[in-house]
Amino acid sequence: MHILCCTDHNYIMPTGVMICSVCENNNDSEIVFHIVSDSSVTSADKESLNQIICRYNHKAAYYNMESINNCFFVGRQGQNNHLLSLVAYYRLFLANLLPDNIDKVLYLDGDIIVRGSLKELYNTNLDGLSIAAVPDSGQWDITRYEVLGYPSHKGYFNSGVLLANIKYWRENNLIEQFVNFATTHPERLRCHDQDILNYVLKDSKILLPIKYNLQNGYLYNELVIDTNYVQQLSDAIHNPTVLHYSARVKPWFKYCGHPYKDEFFKYRALTKWKSDPLVNDNPDFRQKIRRICFHLGILKKLETKFIPLSPLE
């Protein structure tokens, strides 16, 4: 099983915890972790990840993204902050980075915890397809399609978990298509790399069950959703295989109110970062009120209210 991670120095700890969770729940598989980074990642950072990977008898390969000299990154340096790092774009170039003998890879964001086996996911048939991915929690927002310029029945996926058919990417020159769309239509990119992937791959994807990428948006108390997804989502909420702490709700933030934050600390306790202090994330007023309500029991955890929506047309 080939798993791809993209990180910089600031995300080494979450990435290490994610890797630990993968290893703990997939020890019946041989795994090679392909770790893409920039020059901010130090030898000590790599050793921290190696200690986890070697403990479970898996392998690691490292790639320096700065070896990809592409004008695509020029002008995006200003986005390199805690909300959006250039690291977010690295996955677009995976077909150039990975060895030619690798035809398929599972990409995982660093703010993820894996709670079960990935074998069935990894064995998804991708013949004639570019990727398999989970619907984004906001895919029923029609403005996404209006801005990107394609019909809503094609759907919109979250890029935090991607099973990529690298052979297809190479044969169809997808990197060139990614760069062309991003440089030609920068005004359309509200979700940046995710929008690029959704536009270019809109006709060559297959959707995965929500349990493989349970995003924060799916845990809101009120969610507009296609009625065909209600049972699938209910099952995923109560027993997710992959937890995705998307947006700014990160369990390593001091004031995090995520109902599954303890899953992160379960695996962090198995790493060198087990005693690290939490980050003071300075939540805004709305976040503070929400967290107080969770703490007082005014809002109940894992109790999503579905607002029926006709299937996308």
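Taken together, the values in this text are just the output of simple stated rules run on the coordinates, not laboratory data. All figures in this text were calculated on a predicted structure; none of them were measured in a lab. Backbone-built Cβ (ideal geometry, glycine too); neighbour counts: all protein chains shown.
Just a few scattered comments:
- Highest average packing first - 195-204, 14-23, 210-219, Cβ atoms within 10 Å: 14-23, 210-219, 195-204
- FRET efficiency for the THR143 to GLU24 pair, using the beta carbon distance and R₀ = 41 Å, is estimated at 0.55.
- Here the residues ARG188, ARG55, ARG91, ranked from fewest to most Cβ neighbours within 10 Å of their Cβ, fall in the order ARG55, ARG188, ARG91.
- Checking the cross-link pairs LYS119/LYS254; LYS46/LYS104; LYS205/LYS254; LYS167/LYS274; LYS59/LYS274 against a 30 Å limit on the alpha carbon distance flags LYS119/LYS254; LYS205/LYS254; LYS167/LYS274 as lying beyond it.
- Between VAL279 and GLU176, the distance separating the two model label sites (each 7 Å from Cα on the Cα→Cβ line) works out to 3.8 nm.
- Anchor LYS250: aspartates and glutamates whose Cα lies under 14 Å away (excluding residues fewer than 8 positions away in-chain): ASP109, ASP111, ASP262, GLU263, ASP281
- Near MET65, once Lys and Arg are set to +1 and Asp and Glu to -1 for all other residues with Cβ below 10 Å from its Cβ, the sum equals -3.
- Protection proxy ranking for 129-140, 161-172, using the average of other Cβ atoms within 10 Å per residue and placing the highest first: 129-140, 161-172.
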